[in-house]
Amino acid sequence: MRTKAEFWIWVSLVPFVFAQSSSPTSSTADPATTTSDVSTVASSSAATQSATVPADPGSTFVPFPVPSDAPLPIYPATDPLRPPEVGSRSVPNFGPAWTAAWQKAKEKIADFTLEEKVSVATGTLWQRGRCVGNIAPVEPVDGRGWKGLCLQDGPLGVRPGDYITGFPTGINAAATFNRRLIRLRGLAMGREFVGKGVNIALSPMMNMGRVAGAGRNWEGFGGDPFLTGEAAYETILGLQGGGIIACAKHLVANEQEHKRTTSTSDVDDRTMHEIYAHPFLRSVMAGVGSMMCSYNQVNGTYACDNDKVMNDIVKREYGFQGFIMTDWFADHNTVSVSHGLDMSMPGDMRGSTPGVPFGANLVAAVQNGEVPEGRVDDMATRIIASWYLLHQDDASYPPVSFSSYAPDDDATNLRVDVQDDHYKLVREIGAASAVLLKNVNDALPLGKKNRNIAVIGTGAGGGRAGPNQFNNKAGSDGVITMGWGSGAANLTYVSTPLDAVQREARKFRTSVDYYLDDWNLAGASVIARKRSAALVFVTADSGEGTNGDRLNLTTWFNGEALIAAVAANNNNTIVVVNSVGPLIVEDWIDHPNVTAVLWAGVPGQEVGNSIADVLYGAYNPSGRLPYTIAKKPEDYGAQLALGGGDTDILSIPYDDRLEIDYRHFDANNIAPRFEFGFGLSYTKFSYGSLRLNKINNAVSAGERPLVDAWEKGEATPVAVGSSRAAWLHVPAYRATFSVRNTGSVAGSEIPQLYLHFPTSAGEPPSVLRGFTNVELRPGEQKTATITLSRYDLSVWDTERQGWRKPEGEFGVTVGASSRDGRLKGTVPL
């Protein structure tokens, strides 16, 4: 039996050890963590945590120290409401803003009682408030107290809510490979959340597209950690630039829906750092105010009770100064506060373990000595500091104007219209994210040459009962704007492909016939005959929850048969794919009568207009695949983990390690149907004149030894904020090259930079480390620049628990996709 004081020390110091490989090989040559790493991970974690645990844990608590954030020209002090411009080479330094916010928060809670401080960290219980999640005010709100918080879904708009915008999904934002559009999407969403009186937007979602059929992939940013990290970074800068507290979710390794609450994602230490935790590091660098821990276990311990993840990686290694909340009902016990959890949402537990893990139980834990009151102070300070960081203490900040659980109550729903002109941005992103996969003999764009066309498939229409027919979008009988679940949003309207195509067709006096039935193949065949083009719209949906994952990678509603029937009767069949993720297209992609394929994804409320803009050439397609489309399901390196009884903990081994998505195809010489980063245009581009050089940025005197050590191949030291240190992330190397539009129409090219690590690194053959977009008129040439940081050239050293530059030569390929390299070079170390 442990004493109360011993119990606190025990829960604070017991290290969490990542799943290990049984191979005894050196970590410098193997992407997996080795057996010898176990004691190293354990000792470093314990040493780090012991610095934060006092000698008398029953009475005091020592929080993580604030990371050093000395301003430099390349690392300027930054306020979240005024982030750096898109494409800026500087790394924003939110340290001074956080310091000021923490000071205000400490002063605010100084007069709070223990019960009031605990209330700051405890939701008001399920459906006990106007928002999805609610933190009660501390009275008097205009005096010593505080206004409380409104937390609201979701990743693509205010949910639930009226008079809001249904933005493009995360996967479509990523498909643009366009930082400007991703940032603007975040900014517009942030302004809508603020306009409704929300304090915290439960966005963005940044779990990796590890499993092609995973139900919530459409909420995230695809199958590459660099792309996901950059999209998360820009989204958060945008959201918080609009005044809302962003929430990076779901921490961490939550890559499927099946048994998400009763499964363990078993991930080795190196893979965790380089793949799955990376987007959360970029979120911290964007100044994110909050994170949400996930339902699943990580290596046998629930994520919301996981000391290694929350305390050691996020708060120590990343120097995160905001707070970590649970996913809804994802908390398991009161002592999780000792492992880094700061907020319980919605405040109570459900299922077989009802109760309130925080609230009165946390008060009692403090009073009986199990938890130091200083830790509660730390929780409340982190939460209120995030509120101050975004200047939500301003008297002009809007109050909550809706009721999530009583939408018909006119007393609590003020019907505030926050849409502004955001539909224009939605339409542009929808077009910019459409990926042209096939275009034989310039079948697209459509125009005067197409005198009569047929539009076929339920995916071209709006369904029987409008855009909100199915609760949380959990179903479809028409065009798909988003997947289903808490990441969806109600739509004020939807632009259907049929309406948009008819509008554009009339500009050319084109005859349009349509047939919105996926099952009557004879009827579809009749409509397709004798038309100059037949447009077939097919869909595939997925979402959150038990049945959210896709068990196959085929279309919904007989789509493959519909394509075959139409192609058998029309030699200019154009397929438009409206899908949440990859499909196996082998049954029809090489059909000689399928002349064009446009991959529209799930682009939000302007789906029809966006598709029509590309089909008719008003927008030259520039979208790129944010995932690989395989030739068969088993070609993917990770499959959906099934099985397990209701109460069994399902083991999900992440034995694909660093070889996620295209990395697996490259490492195993598997030919994809369409590779990551692929996308055609209505014009052509050429590349030339690649130059790589070292950038000599100024570093502080304190950082110079760290830079010198890194260049010698030494790992970064174990310290607070070590993984987000400015010297590690500022541009250190520059690649410049030319891009020319050699075609006859204006267009945007998406150059991508892939790094080839030395063999000693144990990395996949190619890893994405940069991208940009270049807009060019016909015949125009521009010089493009992509920079690399020291972090970009580093691997996670599992023995030394730091980032290290491997020994050897670093190759670089610049090109149009992961398999379309145009220029090659070497990093000048």
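Positive contributions from Lys and Arg (+1) and negative ones from Asp and Glu (-1), summed over other residues with Cβ under 14 Å from the Cβ of ASN311, come out at -1. In the stretch 514-553, the C-alpha radius of gyration followed by the widest Cα-Cα span (Dmax) gives 15.0, 45 angstrom.
Taking the Cα atoms of the stretch 574-647, the ratio Rg/Rh between the radius of gyration and the Kirkwood radius comes to 1.08. The loop-placed chymotrypsin sites (Phe, Trp or Tyr not before Pro) in the stretch 511-578, going by DSSP, that have at most 14 neighbouring Cβ atoms within 10 Å of their Cβ come out as TRP519.
Against the empirical curve 2.2 N^0.38 Å, the C-alpha radius of gyration of the stretch 611-737 lands at a ratio of 1.61. Projecting the Cα atoms of VAL812, THR772, GLY802 onto the charge dipole of the stretch 694-829, computed from C-beta unit charges around the Cα centre, puts THR772 farthest toward the positive end.
If R0 equals 35 Å, the separation of the Cβ atoms of TYR163 and VAL86 corresponds to a calculated FRET efficiency of about 0.80.
For a 4.7 Å threshold on C-beta separation, the list of partnerless cysteines in the chain reads CYS247.
For the chain, take the longest principal axis of its alpha carbons; what is the angle in degrees between that and the long axis of helix 225-241, to the nearest 10 within 0 to 90? With rounding to tens, the tilt is 70 degrees. The residues SER760, SER681, SER433, sorted by heavy-atom accessible surface at 1.4 Å with ligands and nucleic acids left out, run SER760, SER681, SER433 from largest to smallest.
On a per residue basis, the chain carries 33 Å² of accessible surface, using protein heavy atoms and a 1.4 Å probe. Under the shape rule built on the C-alpha gyration tensor, where the axes satisfy a ≥ b ≥ c, the stretch 446-576 is oblate, since a/c reaches at least 1.5 while a/b does not exceed b/c. Applying the criteria of a DSSP loop state and at most 10 other Cβ atoms within 10 Å to the trypsin sites (Lys or Arg not before Pro) of the stretch 311-413 yields no site. For the pair the stretch 788-829 and the stretch 692-757, the centres of their Cα atoms are 9 angstrom apart. Taking Cα atoms, how many degrees apart are the long axis of helix 373-389 and the longest axis of the chain, rounded to 10 and kept between 0 and 90? The angle comes out at about 40 degrees. Note on the chain: antiparallel DSSP beta bridges, both residues inside, total approximately 55 percent of the bridges counted. For the stretch 357-396 versus the stretch 122-189, the spacing of their alpha-carbon centroids is 21 Å. For the stretch 457-521, the normalised intensity computed at q = 0.11, 0.14 Å⁻¹ comes to -0.31, -0.47 (log10 of I(q)/I(0), Debye sum over alpha carbons, equal scatterers, no solvent).
Other residues whose C-beta falls under 13 angstrom from the C-beta of SER401 contribute a net charge of -2, scoring Lys and Arg +1 and Asp and Glu -1.
Per atom type, the chain shows carbon and sulfur on 51% of its accessible surface, probed at 1.4 Å.
The values are calculated or read from the model by the stated rules, or taken from the named source; none is laboratory data. Being a predicted model, the structure only gives us computed values, none of them experimental. Using ideal geometry, Cβ is built from the backbone for each residue, glycine included, and neighbour counts are taken over all protein chains shown. Keep in mind that these areas ignore ligands, DNA and RNA; they rest on the heavy atoms of the full protein, side chains included. Shrake-Rupley method; radii C 1.70, N 1.55, O 1.52, S 1.80 Å.
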